[in-house]
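Before any comments, here is the structure.
The values are calculated or read from the model by the stated rules, or taken from the named source; none is laboratory data. As the structure is a prediction and not an experimental result, all values here were calculated from the model. Cβ coordinates were reconstructed from backbone atoms using ideal geometry, including for glycine residues, and neighbour counts include every protein chain displayed.
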Amino acid sequence: MLYILVFCCFMNIALDIFLIKIIGMGVEGAALATIISQIVSGIISGTYVIVNYKEFMPNLRHDLPDRVMISEMMATGGAMSLMYSYDGIYPGRIFREYTENLQKQTGLPGYLKNMCFS
């Protein structure tokens, strides 16, 4: 696997030299060389994993969640949604946004913001 990444690094260097020096593309050539080498690296590495490590490939038996997993996901998601909904409307945030808008509209000095939120 490491040989694949080393090969793609050298391919990136060769493409950099070709696209920048010979073709004259400049920064665009360097970006294109990196994109091409990353795509080739992903394809070769993915193919290597699929061919040599079949035990890591998903199958239908592992894709179906059971009732315990679904209930744990719902409990965690419910707690997180309550936490984020409180974070979005808690009074300190509302007051801070109000004073910032007031400062923008009326031109109050900046010490109001510093006095309240330091």
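Quick look at the values:
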{"item": "Which listed residue, of L64, L108, L82, is surrounded by 12 or more Cβ atoms within 10 Å (Cβ to Cβ) and at pLDDT below 90", "result": "L108"}
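A quick yes/no check of all residues on (1) modelled with pLDDT under 70; (2) within 30 Å of L15 (Cα to Cα); (3) within 27 Å of the chain's Cα centre (by Cα):
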{"site": "I50", "(1), (2), (3)": "no, yes, yes"}
{"site": "E55", "(1), (2), (3)": "no, no, no"}
{"site": "M69", "(1), (2), (3)": "no, no, yes"}
{"site": "M73", "(1), (2), (3)": "no, no, yes"}
{"site": "G77", "(1), (2), (3)": "no, no, yes"}
{"site": "L102", "(1), (2), (3)": "no, no, no"}
{"site": "L112", "(1), (2), (3)": "yes, no, no"}
